[in-house]
Amino acid sequence: MQQQWNWLNQLMMRHYSVRKYKDEPIPQETLHQMIRAAQHASSSNFLQTYSIVHITDEKLKEEMATLSKNPQQILTAPVFLLFCADLKRLEYACQKHGTQVRHDTVESLLVAVVDTALVAQNFALAAESMGYGICYIGGVRNNPEEIGRLVNLPDKTFPLFGMTVGVPDEKHEVKPRLMLEAVLHENRYDESKYPELLARYDEEMARYYAQRSANRKQTNWTESVAAYYSKERRLHMRDFLGGQGFWLR
Ligand SMILES: Cc1cc2nc3c(=O)[nH]c(=O)nc-3n(C[C@H](O)[C@H](O)[C@H](O)COP(=O)(O)O)c2cc1C
């Protein structure tokens, strides 16, 4: 059994989000192969509850860029994929057997969101392994209804996030992650370690933000978390999801 540190671990630790791409297309067969590879992600009960919409229409892409408020990423990227949580296909599967998909439960929603995220992250790794860069675009949830309408998303589906893909036209330092002991617990959850670990991580992130080559800023991690939660975000998601069939039980 191979146990040594390998190229995949190194690739994963080199990840950074790419927000500007070179004007170089991705061959369709390459894109399709990366998606096929991504599809081998594990899937809850093998339900495969996701769909990917490849936006090739330039006009549509421009609308996505505006609606998701991430214009540079989307407009410079040769490929923009919309990852959708999707229980619609299961409706067809169930109908074949005279049953109904139980789409309106918290559990069903979790299954669909997890499956979609797993396939997307598998895709991200496949793309990065081939020298491409990616950026998730959660910004699609700024205007999910309009975006859904533009791509004809039916009920029992919703856009979870987009992803831009292409040859990077920028290079960044890798963002330091939380130290292992902050995210790894042994046997029992231990929150007593957080004050000390977060203080250490804040120092590290303050250094990173102050010294990185682009977009330098004077802040640290807990400060950016606090700023994020200083207001409520995307409260429209509840009604939007309800309208898509996800009033949850
Ligand atoms: C679900 C999800 C949604 C995201 N949405 C956006 C986005 O809309 N725009 C953007 O520029 N980056 C987005 N990101 C990228 C994160 O900001 C980025 O992963 C994080 O800051 C860590 O930086 P790194 O990926 O460069 O290591 C998103 C990431 C995830 C996982």
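Criterion first (over 16 Å from T49 (Cβ atoms), β-branched (V, I, T) and touching a residue at least 12 places away in the same chain (Cβ under 8 Å)) does V113 satisfy it? The answer is no for V113. Is the stretch 146-158 home to any residue that is buried (at least 17 other Cβ atoms within 10 Å of the Cβ) and within 16 Å of the ligand (Cβ to nearest atom)? Yes, that holds for at least one residue.
Among the residues of the stretch 123-145, none qualifies, meaning not one is more than 13 Å from the ligand (Cβ to nearest atom), free of Cβ contacts under 8 Å to residues at least 12 places away in the same chain, over 18 Å from K22 (Cβ atoms) and not aromatic (F, W, Y).
Residues that are exposed (fewer than 11 other Cβ atoms within 10 Å of the Cβ) and outside any helix (DSSP H, G or I) are absent from the stretch 191-212. With respect to the stated conditions, T164 is within 16 Å of the ligand (Cβ to nearest atom), in contact (Cβ under 8 Å) with a residue 24 or more places away in the chain and surrounded by 14 or more Cβ atoms within 10 Å (Cβ to Cβ).
Just to check your reading of the model, which residue among Q121, Q100 is touching a helix residue (DSSP H, G or I) at 6+ places or on another chain (Cβ under 9 Å), of a type outside the set (F, W, Y) and in a loop (DSSP other than H, G, I, E, B)? I'd like the intermediate steps shown before the answer.
On the way: Q121 fails: in a loop (DSSP other than H, G, I, E, B).
Matching residue, one of Q121, Q100: Q100.
Pairs meeting the criteria (first residue in the stretch 234-249 and on the phi > 0 side of the Ramachandran plot, second residue of a type in the set (D, E) and surrounded by 13 or more Cβ atoms within 10 Å (Cβ to Cβ), beta carbons under 9 Å, at least 6 apart or on different chains) are G245/D104; G245/D155. Restricting the stretch 11-49 to residues that are within 16 Å of the ligand (Cβ to nearest atom) and of a type in the set (K, R), the residue that is surrounded by the fewest Cβ atoms within 10 Å (Cβ to Cβ) is R14.
One line per residue, one yes/no per condition, for (1) under 25 Å from E29 (Cα atoms); (2) outside any strand (DSSP E or B); (3) away from the ligand (no atom under 16 Å from the Cβ):
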position: S51; (1), (2), (3): yes, no, yes
position: T56; (1), (2), (3): yes, yes, yes
position: K59; (1), (2), (3): yes, yes, yes
position: I74; (1), (2), (3): yes, yes, no
position: F80; (1), (2), (3): yes, no, no
position: A85; (1), (2), (3): yes, no, no
position: E91; (1), (2), (3): no, yes, yes
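Can you find, within the stretch 123-144, the residue that is nearest to the chain's Cα centre (by Cα) among those that are polar (S, T, N, Q) and surrounded by fewer than 19 Cβ atoms within 10 Å (Cβ to Cβ)? Checked the stretch 123-144; the qualifying residue nearest to the chain's Cα centre (by Cα) is N142. Being in a loop (DSSP other than H, G, I, E, B) and in contact (Cβ under 8 Å) with a residue 40 or more places away in the chain holds for only one residue in E186, E173, and it is E173.
I'd like to verify a number: residues in the stretch 93-112 that are within 16 Å of the ligand (Cβ to nearest atom) and surrounded by fewer than 17 Cβ atoms within 10 Å (Cβ to Cβ), how many?
Counting residues in the stretch 93-112 that are within 16 Å of the ligand (Cβ to nearest atom) and surrounded by fewer than 17 Cβ atoms within 10 Å (Cβ to Cβ) gives 1.
Readers should treat all values here as calculations from the given coordinates under stated rules, not as data from a laboratory. None of the values given here were measured: they were computed from a predicted structure. As a convention, Cβ positions derive from the backbone with ideal geometry for all residues, glycine included, and neighbour counts pool all protein chains shown.
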